Amino acid sequence: MRVVFMGTPDFAVPTLARLAGDGHTIAAVYTRAPARAGRGMALRPSPVQVMAESLGAPVLTPVSLKGADAAETFAGHAADVAVVVAYGMLLPQAILDLPRHGCLNLHGSLLPRWRGAAPIQRAVMAGDGMSGVGVMRMEAGLDTGPVAMEARLPITPGMTAGDLHDALMPLGADLMARALEALDRGALTFTPQAEAGVLYAHKITNDEARIDWSRPAREVANHINGLSPFPGAFFEADFGKGPERVKVLAAKTASGSGAPGTLLDTEATVACGTGAVRLRALRRAGKGGVASGAEFMRGAHRTPGMGLA
């Protein structure tokens with residue numbers, strides 16, 4: 001089939017590679033324009049652009065898909081189908097209507113739960129026991145289209161958003177490959193989403209990142225793991241030069257109790273509103289490496305009984 005692929009981050013790369021490997025013609029790849037990043041703030045192409053260029057596929061980085069010119073360019077690809085994976089830009093109806101078989105989206109949740117921008121992080125933050133990916137036919141609403149196929153994946157204890165993201169990438173690539181194979185045979189059918197159970201995965205904001213030790217331990221651990229690796233949940237502590245931010249990249253519930261925010265042992269177990277959490281991976285501001293709880297306690301000269309803000 002002639003495929004227009006639309007995606008930007010790492011999550012989309014395995015799907016693009018799989019479709020090209022399956023012999024589909026990648027007529028064009030749409031992705032977000034290179035952004036400045038790193039210490040030198042050099043322009044850095046998206047992971048999808050890097051993959052597309054390695055495949056020899058044409059790359060387009062429009063700032064908007066609105067207007068007649070964008071629609072005319074898209075129509076010129078003569079696509080059988082558009083495949084959209086974390087593109088990061090809304091598709092107007094004029095674009096949605098152009099491919100012969102419409103536009104298929106690979107979404108990182110089990111719809112209608114966690115429609116929107118951050119489904120993987122929100123699932124972990126909420127303490128969901130199950131996640132997955134789905135292939136949906138796109139329409140004008142936000143992730144409201146009918147679903148053709150799903151693949152499920154348990155969220156195991158201690159799993160971070162990064163862990164779940166990495167596990168869903170190959171699962172999604174395989175699912176979309178199977179969806180296109182069925183579409184090519186005329187065997188892909190769609191089921192409208194249930195009206196009940198709709199939740200929106202709003203974009204993560206930095207304001208959400210501060211850890212609230214007064215919450216129950218399970219909620220604190222889910223919050224930490226759901227924000228790992230980005231943007232990273234944090235607390236503040238004074239190591240002798242004023243308050244310093246410390247990101248926590250992994251945590252699990254643990255036994256213990258005390259005033260919320262109090263360190264309970266040398267393994268960085270912290271009391272919560274009820275119960276306690278053990279901090280498994282931490283990074284101090286300005287420090288490159290990630291430390292275990294015990295390493296953090298030694299390096300930061302923390303002792304049981306001290307508090308974290």
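The values are calculated or read from the model by the stated rules, or taken from the named source; none is laboratory data. In this text, all values refer to a predicted model and were calculated from it rather than measured experimentally. Cβ coordinates were reconstructed from backbone atoms using ideal geometry, including for glycine residues, and neighbour counts include every protein chain displayed. Accessible surface is based on the protein model in full, side chains and every heavy atom, while ligands, DNA and RNA are left aside. Shrake-Rupley method; radii C 1.70, N 1.55, O 1.52, S 1.80 Å.
Things worth noting here:
- Put the Cα centre of the range 227-297 next to the Cα centre of the range 138-176 and the gap is 29 Å.
- Each Lys and Arg Cβ is given +1 and each Asp and Glu Cβ -1; about its Cα centre, the range 16-72 then shows a dipole of about 400 debye.
- Trypsin sites (Lys or Arg not before Pro) restricted to DSSP loop in the range 108-203 with at most 15 other C-beta within 10 Å: Arg185, Lys203
- Candidates per trypsin sites (Lys or Arg not before Pro) in the range 28-66, loop by DSSP, up to 11 other Cβ within 10 Å: Arg39
- List His202, His24, ordered by accessible area with a 1.4 Å probe, largest first: His202, His24
- Shape of the range 137-188, Cα gyration tensor, a/c cut at 1.5: oblate
- Seen against the Cα atoms of the chain and their longest principal axis, helix 217-226 is set at about 40 degrees.
- DSSP assigns beta bridges within the chain; of those with both partners inside it, close to 65 percent run antiparallel.
- What the phi angles of the range 285-292 give under the Karplus curve with 6.51, -1.76 and 1.60, with θ = phi - 60°, is a coupling list of 4, x, 9, x, x, 9, 10, 6 Hz, glycine and proline written as x.
- Cα gyration tensor shape of the range 221-309, rounded if a/c is under 1.5, else prolate or oblate by comparing a/b with b/c: oblate
- Cut-off 15 Å between beta-carbons: net charge of the residues surrounding Ser257, Lys and Arg +1, Asp and Glu -1: +2
- Average accessible surface for the chain: 47 Å² per residue, computed with a 1.4 Å probe over protein heavy atoms with every protein chain in place.
- Checking every one of the GluC sites (Glu not before Pro) in the range 160-240 against DSSP loop status and a limit of 16 other Cβ atoms within 10 Å picks out Glu195.
- Applied to the range 5-15, the Karplus parametrisation 6.51 cos²θ - 1.76 cosθ + 1.60 on θ = phi - 60° returns per-residue 3J(HN,Hα) values of 9, 10, x, 9, x, 3, 4, 8, 4, x, 5 Hz, with x for Gly and Pro.
- Overall form of the chain per C-alpha gyration tensor (a/c, 1.5; a/b vs b/c): prolate
- Selection among Ala251, Pro9, Leu98 by position relative to the dipole of the chain gives Ala251 as farthest towards the positive end (Cβ unit charges, Cα centre).
- For Lys247, a cut-off of 18 angstrom between C-alpha atoms picks up these lysines, skipping any fewer than 8 places away in its own chain: Lys287.
- The chain - percent relative contact order, Cα under 8 Å, separation 6 or more: 13
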